[in-house]
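Here is the structure we will look at.
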Amino acid sequence: MKVSEVNVVPIRPKDGLVAFASCVIDDSLYLGSIAVHTRPSGGYRLVFPTKVVGDTKLNIFNPISKSAGTIIDVAVAKKCDEIFGKCDEENCDDRHRDIDLYL
């Protein structure tokens, strides 16, 4: 699975929510409106969009496998670190070197 065109739009932080992300999977599928939350211990947690219809909560999209979720997490975290200045180009590549294993 290849994740490309990762975009992160920072927002005014509220209850841990710091940005919204989007990406393209395998040059074929666009995923948008992914909420990016900070973790108290550091790093980011992604929340995929849902819609509430009556009493039912529907997932719009969500990774099915742990490996797919990890690939998306790593790609978005790398972009967030670049945007929020938590790593420079050299340091960022070291922190997220495992992204190449998935892409």
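Rank these residues by their accessible area, most exposed first, probe 1.4 Å: Asp15, Asp27, Asp55, Asp81.
Numbers: Asp15 140, Asp27 105, Asp55 165, Asp81 5 Å².
These residues rank, largest area first, as Asp55, Asp15, Asp27, Asp81.
HN-Hα J couplings of region 22-27 from phi, Karplus 6.51/-1.76/1.60, θ = phi - 60°, integer Hz, Gly and Pro as x?
So the Karplus estimates, Gly and Pro as x, are 9, 7, 10, 9, 6, 6 Hz.
As a test question: what accessible area, to the nearest 10 Å², does Thr50 have when a 1.4 Å probe is rolled over all protein chains in place?
60 Å²
Given axes a ≥ b ≥ c from the Cα gyration tensor, I'd like to know whether region 10-52 is rounded (a/c under 1.5), prolate (a/b larger than b/c) or oblate. Don't skip to the end; give the middle numbers.
On the way: a/c = 2.26, a/b = 1.74, b/c = 1.30.
Note, shape of region 10-52 comes out prolate.
Need the list of lysines near Lys2 for cross-linking: C-alpha distance under 27 angstrom, and skip anything on the same chain fewer than eight residues off.
Lys51, Lys66, Lys78, Lys79, Lys86
Using only the Cα atoms of region 33-76, build the gyration tensor, take square roots of its eigenvalues as a ≥ b ≥ c, and label the shape rounded, prolate or oblate: rounded if a/c is under 1.5, else prolate if a/b is larger than b/c, else oblate.
Numbers: a/c = 2.77, a/b = 1.58, b/c = 1.76.
Oblate, because a/c is 1.5 or more while a/b does not exceed b/c.
The values are calculated or read from the model by the stated rules, or taken from the named source; none is laboratory data. Bear in mind that the values here come from a model prediction, so they are computed numbers and not experimental data. These accessible areas exclude ligands, DNA and RNA; they are computed on the full protein's heavy atoms, side chains included. Shrake-Rupley method; radii C 1.70, N 1.55, O 1.52, S 1.80 Å.
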